Amino acid sequence: MWRGMKKVISGVTTSVLFILLIVTVLAVISNQAADGEPNVFGYQLKTVLSGSMVPEFQTGSIIAIEPIEEPTQFEKGDVITYINPDDNLVTHRVHEVMNDDQQYITKGDNNNAADSEPVLAENVVGQYTGFTVPYAGYVANFATSPEGALFLLVVPGALLFGYSIIIISRALRQIETPDEKEPDSQ
């Protein structure tokens, strides 16, 4: 019974390590191919870097935004992601629509006042979809760093390699050990 359990555990462990390695490799490759802008089913994943939108989403969360084609479609209350004058991405709520939908006054839910500069419609890159994964942005930021990508590729690979050596050495020991059930040929 124990021998059968060991085989099942061994198979599951090998499978999990191999799947983890493949998923990590695919995630790193797709992230690098997308220039650091991961897309999942057409939605862009962004990491929240400040607390300006608490309680809608917490610092360190990952949010999904839907890239938009028509930047003049938003109304008061919509949560949009835009490029600010410093070339940073910001996700805030539309506080006021100005100039026939060509500019938006935005405000973070946790901020006391509206943002100082209006957002031009052409600077809006997407709309928040309502999908949030709290605190996963910390992991995502680490994974997209060179150190994190290396770590997430090396650790599963090393674990799989080490586990393979253990399995191979056990198999070799079984081959080298004479079977006690076979009678001597003399």
Report task. Please give, to one decimal in nm, the separation of the simple spin-label points placed at Tyr138 and Glu75, each 7 Å out from Cα toward the Cβ. Result -> 3.8 nm
Report summary line: Karplus-derived 3J(HN,Hα) from phi for the range 103-119 (6.51 cos²θ - 1.76 cosθ + 1.60, θ = phi - 60°), whole Hz, x at Gly and Pro, runs 9, 10, 8, 10, 7, x, 4, 9, 8, 6, 10, 5, 4, 6, 10, x, 9
**Report entry** Residues Asp87 and Val54, FRET efficiency given R0 of 22 Å [Cβ-Cβ distance, rounded to 0.05]
**Finding:** 0.35
Report task. Please arrange Thr13, Thr81 by counting, for each residue, the other beta carbons lying within 10 Å of its beta carbon, fewest first. Result -> Thr13, Thr81
Requested in this report: Note down the magnitude of the dipole of the chain about its Cα centre, charges +1 on Lys and Arg C-beta and -1 on Asp and Glu C-beta and zero elsewhere, to the nearest 20 debye.
Outcome: 1300 debye
Query - Number of Lys pairs (Cα under 24 Å; 8 or more positions apart or on different chains) in the chain - result: 5
Query raised in the report: By how many degrees, between 0 and 90 and to the nearest 10, does the Cα long axis of helix 146-176 differ from the longest principal axis of the chain?
Result: 10 degrees
Requested in this report: Name all residues of the range 149-165 having a backbone nitrogen under 20 Å from the label point set 7 Å from the Cα of Glu176 along its Cα→Cβ direction, giving them as ranges.
Outcome: 162-165
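Computed from the coordinates by the stated procedures, all read-outs in this text should not be read as laboratory data. On a predicted model such as this, the values are computed, not experimentally measured, just so you know. With ideal geometry, Cβ positions are generated from the backbone for all residues, glycine too; neighbour counts draw on all protein chains shown.
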